[in-house]
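Accompanying notes for the structure given below.
The values are calculated or read from the model by the stated rules, or taken from the named source; none is laboratory data. Because the structure is a prediction, the values reported are computed rather than measured. Cβ atoms come from the backbone with ideal geometry, glycine included; neighbour counts cover every protein chain shown.
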Amino acid sequence: MTVIRKFNFFDTKRVKKLISQIGYDCSDIILKTLIGQICSIINLFVPLKYKFLPETFLYLDNNEIIGIITVVPTRGNPYKINITRLIFKQNDYEIGKQLVEFVIARFGARGAVSFHAAVDQSHDELINLFITGCGFRQCSYENLWKIENFNPDTAIKANFRYCQNSDARNVADLYNSELKSHFKPSLERVKDEYKEPFFEGLTNFYKNRYVLEEPARHKIIAYLSITTSDNLNFIIDMSINDAYGIDYDEVLNFALGEISRRKSKFYAFLKHRQYTKTADNLEEYLHKRNLNCIQTQCVLVKDFYKPVKESENSPIQVFLLGENKVCN
C-alpha cells in the first residue's frame, strides 16, 4: 500500500537511512533542516496565507520511505510555492512525479496559484519530469558566479542604506520593471515579498537588504540582498535600474564589505538572473572580471489560471495569471 503524508519526528531514523546514500555532509544538513520543521508547530496549523516555513512530505510503500519532497511558501506571498527538495530512489522518476503532483493538488486546493522549481541544467531527466510529466514550463535560467580574487577598480562604496518595509512597494516596482516583458506574468513580485516577515527569527536563513537612492528625488534605483543559511556561504542578489549607469564594482565592493564585517572567512556568490533586462550587461562584466559561473539552473514554473468574473453575454473571456489579482 502506498501513501503520501507529512513528515514527523518518528520518521527521522528511516529518513536518515534513505538520505545516507547522498553523502554524510549533505545528508546531515538535510536531516537537520527536516527536524527543524517539526519543531515549528505554529506553521502546521495555520491557513496557507499565513504559512512561512518549509513543509516536507514522504512517499511510503508498505511503510518504507522511498521518496521525499519539500516545499517552501514564498516569503510575503505564500500563494507562490517553491519546490526546494525532491528525493527518490535512483531512476524512479514516477515516484518523483507523484510527489510533485501531490503538492500541486494539495496546495492548489488551498489557494496556491503558482509553483516554481529551479533545476540544474544538467539534470535532463528531472527537467523532463517537471515539464512533460507535471505540466511545468521552462522560463529562463539563474546562474551563480563565485566571487574570488576580486579587486575592484575603485575603493568607493556605493551609498546603500538598509531597506525598510516602507520601501517594499518601490523595490517591487524596480524588480518588476527590470524583468523582460514576456517573463512578467509568471515572475513578477508583490510588495509583501520585500517586507520583513513577522516570524523573521524562525526562518532557516539570514538576509540583509539594502537600497540605493537617487539623491535628488529619493527614488530607489538599486536593491541589494545578501543571504546565508550557514553563515559561511553568502549569496548576493541585486536589482538595478540600468538607466543610471551604476558601477557593478561599487555594488560588489559594498556587499563584500558588509559580509566581511560579520565574517573573516566566507565564500561569496552572485546570482545572475537571465530573465532581466540587465542580464547581458552583467554577464559581460562578470567575464571581464574573470569570475567563474559554478551553477546554472533552469527556472521552471507552473501557473494556475483563474477565471475572472465577467459581464453577462460578454464576448471576451479573461483569466488571471499567477499572482496578479487586479480583478475579483
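Observations
- Scan region 257-278 for residues that are closer than 26 Å to CYS139 by Cα, surrounded by fewer than 18 Cβ atoms within 10 Å (Cβ to Cβ) and not basic (Lys, Arg) and the total you get is 1.
- Of the strands (runs of 3 or more DSSP E) entirely within region 237-328, those holding at least 2 residues that are among the hydrophobic types (A, V, I, L, M, F, W, C) and modelled with pLDDT of 95 or more occupy 267-273, 292-303.
- Reported count of residues in region 81-97, each being at pLDDT 90 or above and among the charged types (D, E, K, R), is 2.
- Residue match in region 101-118 (condition: over 26 Å from PRO47 (Cα atoms), not assigned by TED's automatic domain parsing to the domain that holds LYS288 and not in a loop (DSSP other than H, G, I, E, B)): no
- The number of residues in region 42-83 being part of a strand (DSSP E or B) and closer than 20 Å to ALA109 by Cα comes to 18.
- Any hit, region 110-122, residues being touching a strand residue (DSSP E or B) at 6+ places or on another chain (Cβ under 7 Å) and charged (D, E, K, R): yes
- Matching option when the condition is surrounded by 14 or more Cβ atoms within 10 Å (Cβ to Cβ) and without any contact (Cβ under 8 Å) to a residue 60 or more places away in the chain, among LYS195, LYS207: LYS207
- Failed item, numbered, when ILE69 is tested on (1) under 30 Å from ARG209 (Cβ atoms); (2) out of contact with any Lys or Arg (no Cβ under 9 Å at 6 or more places or on another chain): (2)
Quick grid of which residues meet (1) at pLDDT below 95; (2) more than 23 Å from CYS298 (Cα to Cα); (3) aliphatic (A, V, I, L, M):
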site: PHE136; (1), (2), (3): no, no, no
site: ALA168; (1), (2), (3): no, yes, yes
site: HIS182; (1), (2), (3): yes, no, no
site: LEU202; (1), (2), (3): yes, yes, yes
site: TYR206; (1), (2), (3): yes, yes, no
site: ILE220; (1), (2), (3): no, yes, yes
site: ILE226; (1), (2), (3): no, no, yes
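- Condition met for GLY96 (surrounded by 21 or more Cβ atoms within 10 Å (Cβ to Cβ), assigned by TED's automatic domain parsing to the domain that holds THR56 and in a helix (DSSP H, G or I)): yes
- Within region 1-21, residues that are on the phi < 0 side of the Ramachandran plot and modelled with pLDDT of 80 or more reach partners that are outside any loop (DSSP other than H, G, I, E, B) and hydroxyl-bearing (Ser, Thr, Tyr) with beta carbons closer than 6 Å, at six or more positions or on different chains, in the pairs ILE4/TYR59; PHE7/THR56.
- Residue in region 219-235 that is touching a helix residue (DSSP H, G or I) at 6+ places or on another chain (Cβ under 9 Å), assigned to a helix (DSSP H, G or I) and not β-branched (Val, Ile, Thr) present: no
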